[in-house]
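A short worksheet on the structure shown next.
The numbers here are math on the coordinates, done by the rules we state, and not lab data. Remember, predicted model here, so these are calculated numbers, not experimental data. Reconstructed Cβ throughout: ideal geometry from the backbone, glycine too, with neighbour counts over all protein chains shown.
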């Protein structure tokens, strides 16, 4: 055997040995998601998950952010930037911004009323903070309290003492599914959870009065000790209507002055009541 044959033989065995070692190393590692997080599911019970979701809901109290908003309905399709402020339990302010980032439309809700004001039109629509008026202004029929929860990356939870609870791991979808069910085993509340961090990623409102709304959360960023979605999509199940919000540099849990969720209107503005 020549010295060249010996050199290449040793080199071949080194390469094979390196590949075997690498395969053993990779087989012992966690599979990583694109964001660098472990995809291995967290082993938890239904009660532990419910307790975590309740703590998470309590943690998020307010949000301020600039958002890109996309609205698609049978009547229109439009996109705009907006300044968004929400504060639990039922305070909301959405300012539609023009290309110079100046507000041209205001949608404001508090515990007493909800309004939509366009200064250029010198008109304001005023009504109760109801799911019907949320639908009139935003195209999705939800109570204001629930919309605030959704914009903060969560949902209100039914009383577990009144319903049976189902909790399962959906292997094909790689999600946990939390369900609240009636006595007849019909499940009316379906919440899909991230398998490791347990934050909500999908939720369906099947109730007829809420027009079958589906919510999706994505693009999570860690803020404090939990995760906030920077992408939210609310869509109606009975139609192709939906609204998307994409947050930019969100700030959470700052106390927002109550005056931000009210508006002094000039006397010349025509007030149009939505009820009565």
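Taking the number of other C-beta atoms within 10 Å as the exposure measure, put 197, 217 in order starting with the fewest.
With the fewest neighbours first, 197, 217 line up as 197, 217.
In what sequence do 241, 121, 184 fall when counting other Cβ within 10 Å, fewest first?
Ranking 241, 121, 184 by Cβ neighbours within 10 Å, fewest first, gives 184, 121, 241.
Could you put 242, 169 in order, starting from the residue whose Cβ has the fewest other Cβ atoms within 10 Å?
169, 242
With the crude spin-label approximation of a point 7 Å out along Cα→Cβ, what separation in nm comes out for residue 162 versus residue 239?
3.0
Would you mind estimating how fast region 46-273 diffuses translationally, via Stokes-Einstein at 20 °C and 1.002 mPa s with the Kirkwood radius over Cα pairs, in µm²/s?
116
At 7 Å along the Cα-to-beta-carbon direction for both residue 102 and residue 77, put a label point, then send me their distance in nm to one decimal.
3.0
State log₁₀ I(q)/I(0) for region 187-250 at q = 0.12, 0.15, 0.17 Å⁻¹ as given by the Debye formula over alpha-carbon point scatterers of equal weight, solvent excluded.
-0.34, -0.52, -0.65
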